[in-house]
Structure formats: C-alpha cells, structure tokens
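Comments concern the structure below.
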Amino acid sequence: MERKNKRLQWAVHQKRWFGKWHLYLGIIAGAVLCVVGLTGSILVFADEIDQALNKDLFRAMEHQRRYSIEEIATLVPQKYPGKKVDYVFLPKEGDPNISYVCYNFTTEEQFFINPYTAALTGKRLHHSSFIGFVTELHTNLLMHGPGQYIVGLATLCLLVLTVSGLRLWVPQQYRKWKQWRSVLTVSFRSGWKRQNYDWHNVLGVYSAPVVVMLSLTGFALTFGPVFIALLFILTGRSPQSVQQIFGQKSAWGQGQRALTPTGAATVARAQFPRAVIRGIAYPADSTAAYRFDMRSDGVSKEGNRIMLSIDQYTGKLLLNSETDFPNIGNSYLTWLVPLHLGTFGGLPTRILAFLGGLVPLLLFVTGFIIWWPRFKKQQGKKGAVPPRPPKDEAVLQTIGALPAARYFLVYFKKGLKYGALLLGSALLAGGLYGVLSGIVIEPALFAVLYTGIPVIVNVVMALLAFLTGGWLLVILKKPVKGLLKYLSLSLAILLVFLPFVLAIALLSKNLF
C-alpha cells in the first residue's frame, strides 16, 4: 500500500510539472502551430493542387515523341539563350502530358516547357503561386532567416505538447482498466463542455503517433545541418567530410569544352541504368559540376533518392551518394521528406499526414475552451495552483535533502524509466504511422533515430548548463540540485537511446 501511495504521489507531482509545460507551450506556440499545421496539410497534396490550379502550365497535348529530361536540358539554353536556367525538373513520373519545369534560383522564376516541342508554354514566380505562398508560410512564416527557426522550435513544442498531454491523461486512467473504453470515446450524452473536454483528449490520443512523427521530421528538416553532422559522427565520419564531399570541382582548363546535359546524363545512366532522372542542375560556373537527382525503386513508395555530381568537362563522377555518403546519410536523404509528407506509404499515409496537420488547430481550439473559464475563475485568487498533497511534499523534501551523489542516482534511475518509456513510445508511434501502408519497421526505426538526435543534443546542453552553474558550487559550497537533476535525467535517457541509435546508424544499409 505504501509503495502504491508513493507512486500516486509522484504522479500528482509530475502532473503539475507536465501540466505547466502543456499549458504554457500551448499558449505560446499554439498560434504558430495552427498555421504550420494547416499549411502542412495543404502541402501533402501540393503537386495535385498546383497542377489542378495551373493546368495551362503543367499540362501539354500529347504528340508522337516525348523529349527526355536531358534532351530538354540541352535544348532549353539553345532555344532561349536569354533566359537563365539553373535546374530542370520532372514534376511527375508516368504522366505523358506533364510539362518539364525549369528554375532560376536567383529570381525564383519557373519556366514550363512542352515535353514534345520544347516550347516555352508559360512562366511564373514560384512565391507568387498559391503553393509557393503556402510553402513559404509553412517553412518560415514569410520571414526568411529567423522564421525557419521559429517554425523548427514550434515543431519541437508540438512534440513536448503531445508527450505532456499523454502524461497528463494516462495517470488519471491507468488504475481503471475497465474504463478505458469510456475514456477513449466522446460522451455525446453529456453537456457541450464535457464533450469538448472529451474531444480534446480523444483527438490528442488517437493522433499522437502521426503528430509525433510530423513534429520529429519537421524538427529534423529545420535543423538539418545538425542532424547530418551528428549522423556522420555516429558512423565514425568527420562532419567536415560533408563539405569535402560537396566541395569537389570540375577540372577546368583553358579552352576546354563542357559536356552537354545529354553527355553528362550518359554517365549518370551508366551508373544506375534502372533509375529515373528527376532533376538536372546546371554547373553554376566554370569550376562547378552537373548534379543529377535520380530515383530508384525501394521500400518507400517514393523510392530511393540518389544524388550524382559529374565533372562538366571530363564526365568524371565526383559524387555518388550511394557510395560517398554513410549508409545512414542515404537513408536520411531518401526517407525524411516522405515521412514528413506521408508519401512513403502512398495514399493511406498521405491522408494520415493531412489529418495530422489539422490536429494542432483542433487541439488549440478545444484546449482554449477548457482553459479560458478556469483562467477567468482564478483571476484575483491566490493559490490558483492547488498545493501539493502533504505526503507528496514530504517525499520531495526527502529527496532534496539527499547528498549530491545519492540525489543524482535517484533521478538517474527515474531517467532510465523515462528513457525506456520514450523509446517504446517512439517505436510505437513510427510503427502505427506506417501500419496502414504495410511499411512498419522503417518508420519505427526512424522515429527512434530522430528522437535520439535531440536526446544527444539535450545532453550537451545539460552538460553546458551544469558546467556554467559550477561557479554557484564554489560560492554556495553546495551543488545546484536543479542542474544536477537535469543532468542525471538527460544522461540516463541518453544511456537508453544511444545503443539503439548507434545500431540503426551503423546497420542502416541492412535495415532500409
């Protein structure tokens, strides 16, 4: 009985702590998450929407022979020498009437080329289109620079909101096994306030796997350089090797004649005869190289993404992502965006990603309806937050009075428990996200990997915070318990995750 009471007392304490995070993050990041979520739902079907709204740009009448992408890349500079084109792209495979799209990265202009006549059928500024506007709003809130980091931190807040919401919900129900059915449904016989409360809980619980994956992959996309650097380190490669891989130049010489895109494509197709060339980037200057973006068949419905870099004069292969990237780097390149948009599993997971983008708005509205009456009622009242139960307070005081080493050990053990729960939750979230498509293992493993990277970064932050607070140890002559608790919990969670993250990173070629 005593052990059971202690467990319940700790649950009450954690409910208060998690409750504050859930409330304040919901208020601070809620509006941003609503915008990011809604625009993300639109972008799940961006290609279909863009092509439906601009049929005159994307669609062409079928003729006898369709030019290949390398032929178009060769013809466009010849037919339109006054137009600067940096990249040629095939928006959709298998559709004989889809036009090629050429990009000018400096001006953000898009040129649409008839695939049968190589004629210019139209142009536009990408950011002026509906999908371009939605993309900018989703990725940086129309604020280049700081906007993308605001979005990235908001996605991290979404992850914390989801985890803290589940933690608030579970302790109330874990003893009532017979009532699980009632707490996972909406009571339509109750009043509208009770129904709103039920909807908030039900939406949060059922959408958690998808929302967790969307927030993890969104965070990884925003802070891609950090993720890539850590992935290289985990596989024993130096982060500087990324720059070396991408920094190779063409062997320029006086009077040398550059290959045409068709000539360079011959080298690319020889490397991967069964792959499809989706995009060709022209050399930016006399020392730059051609870049080919290719797709081959794979577990993901989007296939495996391959990146090749070819010397514009000699045709020498300068970069092959399949061999030059660590295995986990290739997996990152292939899976990250499809996981974020749900395209890895086809239509079922795209629908899940679309619905997942709507969840932040629904939870924000239902959460506000729950919070606002309570906030108004508590105004002017002291002790709006109910005091801890006496026994709970006594337990915390007892832990706080422990010597530093024992205090560290107590929270280290708790951290191991939290780490195991977090690891299991990541595996479950990824697996459930892909279950409708029959692709379960890969999303589950990537969920662990993408959770493990922030766990590693968090330990670095905890160490820095602890070392920075060391001067207080000298002045006060006693350890700062809050920093010690943060460090012990962080190290314990890392200890749980690190073996799995390393295994995934090192064995990725056999896993994906």
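The values are calculated or read from the model by the stated rules, or taken from the named source; none is laboratory data. Bear in mind that the values here come from a model prediction, so they are computed numbers and not experimental data. No Cβ is skipped: glycine too gets one built from the backbone with ideal geometry, and neighbour counts run over all protein chains shown. Protein only, heavy atoms only, side chains kept; ligands, DNA and RNA dropped before computing areas. Shrake-Rupley method; radii C 1.70, N 1.55, O 1.52, S 1.80 Å.
Can you work out the FRET efficiency for the pair T314 and L506, with r the C-beta to C-beta distance and R0 = 51 Å, to the nearest 0.05?
My answer for the efficiency is 0.90.
For R189 and L421, what does the FRET efficiency come to when R0 = 45 Å and r is the distance between their Cβ atoms, rounded to the nearest 0.05?
0.85
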| Given a cut-off of under 8 Å on Cα pairs at least six residues apart, what relative contact order in percent is computed for the chain? | 16
| remark: Residue by residue through the stretch 27-35, the couplings from Karplus 6.51 cos²θ - 1.76 cosθ + 1.60 with θ = phi - 60°, in Hz, x for Gly and Pro, are 6, 6, 9, x, 5, 5, 5, 4, 5
| field | aspartates and glutamates whose Cα lies under 15 Å from that of K123, excluding same-chain neighbours fewer than 8 positions away | value | D50, D56, D86, E108, E109
| request: Leaving ligands, DNA and RNA out of it, work out the accessible area of V359 with a 1.4 Å probe and give it in Å² to the nearest 10. | output: 10
| query | Under a point spin-label approximation (7 Å from Cα along Cα-to-Cβ), what is the S286-D86 distance to one decimal in nm? | reply | 2.2
| task | At a 1.4 Å probe radius, which order do Y100, Y486, Y332 fall into by accessible area, largest first? | result | Y486, Y332, Y100
| field | Packing-based order for 437-443, 39-45, using average beta carbon neighbours within 10 Å, highest first | value | 39-45, 437-443
| query | Put M61, M213, M461, M143 in order of accessible area, largest first, 1.4 Å probe: what do you get? | reply | M61, M461, M143, M213
| Say a paramagnetic label sat at a point 7 Å from the Cα of V170, along Cα to Cβ; which residues of the stretch 209-224 have their backbone N under 19 Å from it? | 209-216
| message | Per 0.36 nm of contour for each residue apart, how much would the distance between H127 and V337 grow if the chain were fully extended, relative to their Cα-Cα spacing? | response | 73.6 nm
| the stretch 46-69-the stretch 182-230 distance, computed between alpha-carbon centres (Å) | 37
| task | Report the Stokes-Einstein translational diffusion coefficient (µm² s⁻¹, integer) for the chain, Rh taken as the Kirkwood radius over Cα pairs, at 37 °C with viscosity 0.692 mPa s. | result | 126
| message | Given points 7 Å out from each Cα along the Cα-Cβ axis, report the V160 to K55 separation in nanometres with one decimal. | response | 4.8
| task | Compute the Rg/Rh shape ratio of the stretch 213-314: radius of gyration over Kirkwood radius, all on alpha-carbon atoms. | result | 1.04
| task | Rounded to the nearest Å, what's the spacing between the alpha carbon centres of the stretch 284-319 and the stretch 90-136? Just the number, please. | result | 21
| said: Need the full-extension length gain, L120 to Y149, defined as separation in residues times 0.36 nm minus the C-alpha distance. One decimal, nm. | reply: 6.7 nm
| note | Counting sequence-distant residues (5 or more places) and residues on other chains, those with an amide H built under 5 Å from that of Y290 are I310, Q312
| query | How would you rank 287-300, 190-203, highest first, on the average number of other Cβ atoms within 10 Å across their residues? | reply | 287-300, 190-203
| query | If you line up the long axis of helix 347-378 against the longest principal axis of the chain, both from Cα atoms, how many degrees apart are they, to the nearest 10? | reply | 40
| remark: With Cα coordinates, the longest principal axis of the chain makes an angle with the long axis of helix 441-468, in degrees rounded to 10, of 60
| task | Within the stretch 59-147, report the GluC sites (Glu not before Pro) that DSSP leaves as loop and that have at most 15 other Cβ atoms within 10 Å. | result | E62, E93, E108
| task | Calculate how steeply helix 481-506 sits against the longest principal axis of the alpha-carbon atoms of the chain, using the helix alpha-carbon long axis, and give the answer as 0 to 90 degrees to the nearest 10. | result | 40
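Nearest 0.05, what FRET efficiency do F368 and A270 give at R0 = 41 Å with Cβ-Cβ as r?
0.10
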| field | Restricting the stretch 39-113 to trypsin sites (Lys or Arg not before Pro) in coil, as DSSP defines it, with at most 12 other Cβ within 10 Å | value | R65
| message | Can you compute log10 of I(q)/I(0) for the stretch 277-324 with the Debye formula, treating each Cα as one identical point scatterer, at q = 0.14, 0.15, 0.19, 0.32 Å⁻¹? | response | -0.37, -0.42, -0.61, -1.17
| request: State, as an integer percentage, the relative contact order of the stretch 57-155 based on alpha-carbon contacts under 8 Å between residues 6 or more apart. | output: 21
